[in-house]
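Inspection log for the structure reproduced underneath, given as C-alpha cells.
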Amino acid sequence: MVDASHQAALSGIDLSRGRVAKALAIALVGWIAAANPAGAETMSSALVRAYIGNPDMNQQRAGVRAQDENIPRTTAGWRPQASATGQIGYNYQDFRQLGSRLNGSTAPSSIGLSVTQNLFNGNRTLNSVRQAESGVFGAREDLRNTEQNVLQNGATAYMNVLRDTAVLELRRNNITVLEEQLRQTRDRFNVGEVTRTDVAQAESSLANSRSEYFVAQANLQNSVANFRQIIGVEPTRLEPARTIEALLPKNMNSAVALALEEHPAIQAVLHAVDQAELQVKLVEGELAPSVNIVGSVQRETDYQGIRNSTLINGQVVGQISVPIYTGGEVYARVRQAKETLAQTRLQADLQRDSIRATVVSAYGQLDSSKAVIQSAKAAVKAAEIALDGIREEAKVGQRTTFDVLFAQQTLLNTRVSLVTAQRDRVVASYNVMAAIGKLSVANLSLSVAEYDPTIHFEQVKDKWIGLRTPDGR
C-alpha cells in the first residue's frame, strides 16, 4: 500500500499536470500563442518583411536592373557614332629660294566633327539585341526563383522558431517533473523504501533532461538567428501558421507537369539556351562584310603655315570592310560557341530532371508528415491513457512513483514528436509550392506591392544619353 507521504507526493505530481497540459496545448498545434495579438507577427507579415527587406532579394533586383542596361548598350549599334577633334600648335618656317627669304611663325589650329553610321555588320547588332533581351528575361526568372527561395526559407525559419520554442517549454517542464521525482526518491531512500540505485537513476534522468534542455535552448537560438537573417527582425509573439495545401495541385503528376512548364529555374536555363544560340550567330557575323557611311567636316586655320589662311573640308564616304582571313581565330570561336550551346541544352535537361526529382521528394515529405502526425497523435493518446492507468495503479501500490514519472516523461517525448511532425507538415507544404515554381507573394495573397521589373526596363531601354539611374543615383 502507498503511505500518506507517498500519496501526497503523487498529489503534487498530479497538480503539476496543469503545466504539462499548457505545454501540450502549445505543442499540439505547433504554434506559440500571441501575448499581444495586436502586435503579433504572423506568417504572412513575416514573409512580407522578407520580401521587402531581404538582402538576397534586393541584390537580385539590382542585378535585373543592371541586366536591363544591356538593351541600350546593344541598340547603340544602330545609332550613329559621333566624335569631335581639335588641336592647336606652333609652327615656324624659314624658306629661302634664289636669294629670297621668307620666315615667320604661325599658330595653326583645327577642329573637326566625324559621324559614322553602320549600315550592315552581319546582323551582329540585331543578334546582340536579341541576346540582351534573352538575358533580361533570364534574369527575371532568376529573380522569381530567388523570391521562391526567400519565401520558402522564411516559412521554414518561422516554423522552426515555433517548434523549438514549444520543444524548449516541454523540456523545461520535464526538468520540473524529474526534479520532483528526484525529491520523492530521496525522501523514500531516507525512510528505507528504495535503494541508492533508485536515487542514482533519478539523478541520471534529471541530468539527461537538463542536457536535452540545453540542446533545445541552443536549437532555439540558432532558429532565432536564422529568422533574423531571413526576415530581418527578431521573432516576437509569433502567431499560428497553417499549411498551404489548398493551393497545391490535386496530385503529384499534375504538380510535375506544372513544374516542368512554369518553374523559373527551367525558364531561366531555356533563356540561357537562346543566348547561346545567338552567340553562335554573333560570332559568325564577324565573318560577314561591314558597311559604314562616314561624314566628316574639318576647319583649319593657318593652313600649311600660311598666315591667316583658312581651310574648310567636308566629305561623306562609304566604307566597306571584308574580312578575308584572321588566322582561324574567329572560326575557332564559332566552333567553341556551338559546343557551349550543346552544353547549355544539356544543362536544361539536367534542370528538368532536378526539378522533377524535387517535386516528387517534396510531395513525399508532405505525405509522410501527414502520416507521422496521425501516428504521433495516436502515440500521445496512448501515452496519456498509460499515464492515467499507471497513476491509478500507483494509488493501490501496484506501481511506484518512479513508474508514474517515467510514464509522464514518455508522454512528454511523444508530444515533442508531435510538435516536430506538425512543423514538418507546414514546411513541406511550402516546399511543394516552391518545387512546382508557384511560391510567390501573388499566389500567397500577401499584402505587399509586388516588385515589377518591367518598370525599370521601360525607363532605360530607349535612353540615348544620361549618367543617372532612374532613381536619381
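We did not get these values from a lab; they are worked out from the coordinates using the rules stated. What you are looking at is a predicted structure, and each value in this text was computed from that prediction instead of being measured. Ideal geometry is used to build each Cβ from the backbone, glycine not excepted, and the neighbour counts take in all protein chains shown.
Report the convex hull volume per residue for segment 31-183, counting only C-alpha atoms, in Å³. Working shown, then result.
On the way: hull volume 46.7 nm³, N = 153.
Convex hull volume per residue, Cα atoms: 305 Å³.
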Rounded to two decimals, the Debye log10 I(q)/I(0) of segment 328-473 (Cα scatterers, no solvent) at q = 0.10 Å⁻¹ is -0.73
The helix 264-285 Cα axis meets the longest alpha-carbon principal axis of the chain at an angle in degrees, between 0 and 90 and rounded to 10, of 20 degrees
Here, chymotrypsin sites (Phe, Trp or Tyr not before Pro) of segment 71-150 satisfying both criteria (DSSP loop; at most 15 other Cβ within 10 Å) are Tyr90
Across 5 Å bins beginning at 0, the whole-percent shares of Cα-Cα pair distances in segment 191-251 come to 4, 12, 10, 12, 11, 10, 10, 8, 7, 7, 4, 2, 1, 0
Note to self: C-alpha centroids of segment 156-215 and segment 62-124 sit apart, in Å, by 86 Å
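Treating only the Cβ of Lys, Arg, Asp and Glu as charged (+1, +1, -1, -1), what charge dipole size does the chain show about its Cα centre? Round to the nearest 20 debye.
On the way: 49 positive and 47 negative charges, 142 e Å.
Dipole size: approximately 680 debye.
Return an integer: the convex hull volume of the alpha-carbon atoms of segment 426-473, in Å³ per residue. Spell out each step's value before the answer.
Details: hull volume 5.9 nm³, N = 48.
Spelled out: Cα convex hull of segment 426-473, divided by residues, is 122 Å³.
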In degrees, nearest 10, the alpha-carbon axis of helix 124-190 is tilted away from the dominant principal axis of the alpha carbons of the chain by 20 degrees
Cα-based Rg/(2.2 N^0.38 Å) for segment 369-454, rounded to two decimals, is 1.82
The relative contact order of the chain, taking Cα pairs under 8 Å that sit 6 or more residues apart, comes to a percentage of 27 percent
With the dipole of the chain defined by +1 on each Lys or Arg Cβ and -1 on each Asp or Glu Cβ, the option from Gln351, Leu287, Ser223 whose Cα lies farthest towards the positive pole is Leu287
For segment 37-168, averaging the sequence separation of alpha carbon pairs under 8 Å that lie six or more residues apart and dividing by its residue count, the contact order in percent is 35 percent
Taking Cα pairs closer than 8 Å and at least 6 residues apart, the relative contact order of segment 243-365 in percent is 36 percent
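Placing unit charges on C-beta atoms (Lys and Arg positive, Asp and Glu negative, everything else neutral), compute the dipole magnitude of segment 384-463 about its Cα centre in debye, rounded to 20. Each step should come with its number before you reach the end.
Values: 9 positive and 10 negative charges, 21 e Å.
Charge dipole of segment 384-463: 100 debye, to the nearest 20.
What value, in deg cm²/dmol to 500, does the helix sum -39500 (n - 2.57) over DSSP H runs of n ≥ 4 give at 222 nm once divided by the residues of the chain?
Values: 12 runs with 302 residues, N = 473.
When only DSSP H runs of four or more count, the value is -22500 deg cm²/dmol.
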So the angle from the long Cα axis of helix 401-435 to the longest Cα principal axis of the chain, reported in degrees to the nearest 10, equals 20 degrees
Ordered by number, the chymotrypsin sites (Phe, Trp or Tyr not before Pro) in segment 293-342 that occupy a DSSP loop and have at most 14 other Cβ atoms within 10 Å are Tyr325
hull vol. (C-alpha, convex hull) per residue for segment 167-304, Å³ -> 450 Å³
In the structure shown, of Lys438/Lys463; Lys250/Lys370; Lys250/Lys438; Lys370/Lys438, the pairs separated by more than 25 angstrom at the C-alpha atoms are Lys438/Lys463
